[in-house]
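A.B. asks: What follows is a structure written as structure tokens; I'll ask about it next.
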Amino acid sequence: MGGAYFEVGNITPAAEFNIYVDPEAAEIVFGSGVPLVVLPLDVTHRALTTSERVEAFRAMRTEVGNMVAEWTDFFERYDKMKYGADGAPLHDPCVIAWLIRPELFSGRHINVEIETKGTYTTGMTVADWWGVSERKPNALFIRDVDAEGFFTLLTERIARL
């Protein structure tokens with residue numbers, strides 16, 4: 001989980017937090033040649049909590065369900081204020097959902113480079129979505145998620161705990 005393209009940055013106008021804190025390390029990873037899947041803010045900001053989704057956790061009437069509902073209530077307040085969104089994005093759960101049900105996600109193989117020297121863009125994920133650079137694709141960049149399917153999976157798995 002890291003980076004952004006269409007959603008741009010959450011820690012600077014151009015950079016997402018995880019890439020921004022160590023762009024040189026991210027540059028090494030993206031240049032390594034290993035198979036990469038990128039779950040950027042573009043996806044996590046489509047998997048937003050809603051009052052109905054949070055109530056589904058609470059309706060489990062379990063300690064875990066209540067705790068998840070309380071966490072999302074807390075994060076929602078911050079994210080609604082910061083982004084003006086209807087709910088909070090669930091960044092890390094998207095990664096686990098990708099591992100369990102990758103069919104909930106869609107994207108394409110593209111070239112992704114990391115800006116390490118920009119005055120205003122250090123840590124920016126330079127995602128060549130349209131292939132204009134003609135650089136070789138080095139990552140599967142996820143752009144969309146079936147949010148309802150994601151929350152169904154999340155609710156089912158949390159209910160097991």
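A.B. asks: Do we find a residue being in contact (Cβ under 8 Å) with a residue 40 or more places away in the chain, within 21 Å of residue 52 (Cβ to Cβ), surrounded by 14 or more Cβ atoms within 10 Å (Cβ to Cβ) and not aliphatic (A, V, I, L, M) anywhere in region 130-148?
C.D. replies: Yes, region 130-148 has at least one match.
A.B. asks: Given the condition within 24 Å of residue 129 (Cβ to Cβ), without any contact (Cβ under 8 Å) to a residue 60 or more places away in the chain and assigned to a helix (DSSP H, G or I), answer yes or no: does some residue in region 46-60 qualify? Break it down stepwise before answering.
C.D. replies: Just the residues of region 46-60 that are within 24 Å of residue 129 (Cβ to Cβ), to begin with: 46-48.
Of the ones still in play, those that are also without any contact (Cβ under 8 Å) to a residue 60 or more places away in the chain are none.
No, that holds for no residue.
A.B. asks: Under the condition of being touching a Phe, Trp or Tyr at 6+ places or on another chain (Cβ under 9 Å) and more than 14 Å from residue 40 (Cα to Cα), which residue from region 98-110 is surrounded by the fewest Cβ atoms within 10 Å (Cβ to Cβ)?
C.D. replies: Result: 101.
A.B. asks: Scan region 15-45 for residues that are part of a loop (DSSP other than H, G, I, E, B), surrounded by fewer than 19 Cβ atoms within 10 Å (Cβ to Cβ) and acidic (Asp, Glu) and jot them down. Walk me through it before giving the result.
C.D. replies: Going through region 15-45, the residues part of a loop (DSSP other than H, G, I, E, B) turn out to be 16, 21-22, 31-36, 39-40, 45.
Filter once more, keeping what is surrounded by fewer than 19 Cβ atoms within 10 Å (Cβ to Cβ): 21-22, 31-36.
Passing the criteria: only 22.
A.B. asks: Report, by residue number, each residue of region 61-98 that is over 18 Å from residue 156 (Cα atoms), in a helix (DSSP H, G or I) and of a type in the set (D, E, K, R).
C.D. replies: 73, 76, 77, 79, 80, 82
Residue-wise test of (1) modelled with pLDDT of 95 or more; (2) among the polar types (S, T, N, Q); (3) closer than 15 Å to residue 126 by Cβ.
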position: 21; (1), (2), (3): yes, no, no
position: 24; (1), (2), (3): yes, no, yes
position: 72; (1), (2), (3): no, yes, no
position: 79; (1), (2), (3): no, no, no
position: 84; (1), (2), (3): no, no, no
position: 92; (1), (2), (3): no, no, no
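The values are calculated or read from the model by the stated rules, or taken from the named source; none is laboratory data. Please read these numbers as outputs of a predicted model, since none were measured by experiment. Counting neighbours? That spans all protein chains shown, and the Cβs are built from the backbone with ideal geometry, glycine included.
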